[in-house]
Structure formats: structure tokens, C-alpha cells
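Worksheet: the structure to be examined is printed underneath.
Read the figures in this text as sums done on the coordinates, not as results from a lab. Since we're looking at a predicted model, the values are computed, not measured. Using ideal geometry, Cβ is built from the backbone for each residue, glycine included, and neighbour counts are taken over all protein chains shown.
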Amino acid sequence: MVIRVKLFAAMSELAGSDCVEIELPDGASVAELRRQLAGQWPLIRSLLSRSAIAINHDFADHERILQSTDEVAVIPPVSGG
Amino acid sequence: MVIRVKLFAAMSELAGSDCVEIELPDGASVAELRRQLAGQWPLIRSLLSRSAIAINHDFADHERILQSTDEVAVIPPVSGG
Amino acid sequence: MFHLTREAIDYATLTEAVRSPRCGAVVLFLGTVRDLTGEQVTVFLDYEAYAPMAEKKLAEIEAEVRRRWPVGEVALVHRLGRLAVGEVSVAVAVSCPHRREAFAACQFAIDTLKQLVPIWKRENAPDGRGEWVHQSVSADVACSPAQEQP
Amino acid sequence: MFHLTREAIDYATLTEAVRSPRCGAVVLFLGTVRDLTGEQVTVFLDYEAYAPMAEKKLAEIEAEVRRRWPVGEVALVHRLGRLAVGEVSVAVAVSCPHRREAFAACQFAIDTLKQLVPIWKRENAPDGRGEWVHQSVSADVACSPAQEQP
């Protein structure tokens, strides 16, 4: 399945885009998504390691299995307020 | 010496005036002032026992010696805010 | 800055007055006249002050707040006279570089104001009865816990 | 109530909106753009949000505040886009029957907002350089303690 991943702030600057697409096997987890992102976009590795993954507007843990219809985003450390 | 004592809120209602005058010997303390006030205005006794005495706009302890030029007030429990 | 006033408290102007480019945090506290104190219905309040002493105590509170926290500006205003339900009786505004300081300084200022400043309120009930509020700090005198806070 | 906005935050209207005759205490927190973060001079900030998730998290914070404290009303507003030094980036207003609850609820709301809500700021220096702020929560990544609070 192809997952579109939204990127924000420095993450989007490092990747050169506010959205990337990534090919993942069916039943892939968030941990697998992280490995693929880090492999294909080496520049985002460091910040990715400090970032959370959100699925459908909630924080998701490493074991969460992705669905092709999920809205997926990388959430670097927030700095609102 | 004659000391004028300012009264506020329920203390002033109980005494029927916002100010009373009291005759005290020279060198009298705040404790002596309290005894004289309670003796001459029995209605204020209960609230007086829960009130502070202020001299020249500061809280004064029982041992403080009064001067004839002092501005003296009874400060019942405050309820501002 | 601090003052006693018989006019409505303009807390927006007060808040603007404490803002500063050096201060990333502003905390404003408003005390307002409640319609209920415990079971007792209030229709209006009268506030009375021993004004020169109240102003001296407000000045001391301002000085202590500035001594304890890196305050940009602090403003304390208390209303006097007759207030309807919903009106603002007291406003405290504080600016600090960071928010924890601003919250702590504002809370200290209103807590200390309510302990030390010689101002009294009279609660007036719908039947026309009014009563000055002089709750005791000691447990052996009857007092409603509901009256402990504004 | 909560919202994200690209307009200046009208905190006076927000404060009026949370006032209530049942609530004797209102606490308002304002976060404003500081001119200095540590040694670094800021001339303006850009705020970006992952808007649908930010709104979901704001709704969750509002619900949690109402669950924990006897809140009359709570309002959370965050500004987005470009802000000059001194402008208000975030406002949280809370009304409660008593002041301790109002302070605690307001502080919890802004603390939680700053931890959970996906909003980011970019600090823009006088030389034109800009940098997104992504400080780490762990001690092993360099971060200025001065950046920890608003």
C-alpha cells in the first residue's frame, strides 16, 4: 500500500516537501514506517528520532498497524504557546 | 492621653460610630487599649477578640506602646477580593 | 502600580499596561461578585476600605511580588462601593518572562491581598438584609468554607 | 470553546465570554512574543499548525479541564501565521467558583497545550535567518533551558 505522510515545520524543510509518499507492505506497523522514512530521506533521520507519529489526529505507538486509509503525519517536538 | 480609634464594617455598626475616643494613661500598650475598648463598648467584645489593631497603617502587636499622635484603627477580619 | 477605585475596573486596559516585549507571559486574575455564597443568595455587595492603610498594604504586596519574581509589571486594583452580581471587584495582572513565574506571582498577590488588605464586603440578600463578612481564620469560630475563596 | 485563528486575539472579548455569576474567579493567561530567547534576538515569529489534529487536541484539553475542575467556561485560542514582537500568540481563559480552581485549571490547560498540540514556531532573527523550534524533552539533546517556557 502507498501511505501519504504529512510533514511540518523543520521536518518539511528537511524533506523539501510538506508530504511524502511511501510504499509499505500490507500490515506494516508505525515502526516499519519509521524505518522506511529514515532509509529514504536520510536528512530527516535525526529529527524523526525525536518526533511522534500521528494517525488520524492521535499519537500512535510503534506497534500500531497502518491502514491504507489512515491519515498519517510526522509530529516533530511541538513549540506552540 | 486621648486616643481616637477608627472603626470599620461590622465593628462600626456594633459601636454605632466609625470612630470612638478613649482615655488612656501615657505609656499604655495596645493590650491596654483592647481592655479599655472591650470594657466601655461591650457589644464589640466578640468581634474585637478576632480583630487586629493597626497603628499608623501597620498591624501592631499587643506590647506596642501608643503615642498620642498615633493613628489607631481596629481591623476586623478582612473580606476584600 | 495599584489603586482603589469606585469606578468599574477596566481590566483590558490594565492587562495592556502590564504587557512588555521582555515578558512572554501575562496572567490576569479577576474576582467577580457571585450570586451565591453557599446557600445564601446575594443581590449586591458593598465594599468598604480603610483606604490609606489599604494603599500601604497594596504597595507592600507590589514590592514583595517584585522582590520574589522577575516581574515586568504588576497591577493591583480593588473596587469600592456598591457592586452588582457579575461585576469585577478585584483585578491583579502580572507579566513575567516565563509563565510559571507569572502564575505564581499573580496567585501570591491575590492570596496576600485577601489576607492583609483592610477591605471588607457586606453581602446584601434579596430580603434587604445585609451582613458584613468577617470570617474567622481559626476553626473554633463558625465560618462557611464556601466563603474562604472569592 | 477553542479555536485557531490568523487574526489578532481579542482577549478582552474572550474573558467576557467566560465570565459568569456562578463563578467568582476568572484567570486569563496570555502568551506573547518575546524579543529575546536567551541571547537570541527575535524580530517576528511564524506559527504553523497541523490544524485538524490541533483542534482535536484542544477539544481534548477542554474536556479534561472540565472533568477535573468545576469550570464555568474555558476558552483556548492559538494564533497562527506571522506575529510581531509583543503580539499575543495564545490565550487561555477559565472561570470557576473559586480562585484556586481557576488558577489550577488555567495553568493545566496552557501546560498541556504546550506539550500536546501540534503547533510549531519559527523564530526569525534580525539578519533574516529563521529557525523552527523543536526543543527536545530529553536531556541528551542540546536545548536552551530558556526555551522551555513560552
Give the residue that is nearest to D:Arg67 (Cα to Cα), with candidates limited to residues of the range D:102-118 that are buried (at least 21 other Cβ atoms within 10 Å of the Cβ) and more than 7 Å from every other protein chain (Cβ to nearest Cβ).
D:Ala105
Count, please, the residues in the range D:1-33 that happen to be within 17 Å of D:Ile110 (Cα to Cα), surrounded by 15 or more Cβ atoms within 10 Å (Cβ to Cβ) and not polar (S, T, N, Q).
13
Checked pairs for the range A:1-19, first without any contact (Cβ under 8 Å) to a residue 12 or more places away in the chain, second part of a helix (DSSP H, G or I), C-beta under 8 Å and 6 or more apart or across chains, list as none
Select from the range A:26-78 the residues that are closer than 27 Å to D:His78 by Cα and in contact (Cβ under 8 Å) with a residue 40 or more places away in the chain and write down the one among them that is surrounded by the fewest Cβ atoms within 10 Å (Cβ to Cβ).
A:Glu71
Being more than 10 Å from every other protein chain (Cβ to nearest Cβ) and part of a loop (DSSP other than H, G, I, E, B) is the filter here; which residues of the range C:7-54 pass it?
C:Glu7, C:Ala8, C:Ile9, C:Gly38, C:Glu39, C:Val43
For the range B:9-23, name all the residues that are surrounded by 16 or more Cβ atoms within 10 Å (Cβ to Cβ) and touching a strand residue (DSSP E or B) at 6+ places or on another chain (Cβ under 6 Å).
B:Ala9, B:Ala10, B:Met11, B:Val20, B:Ile22
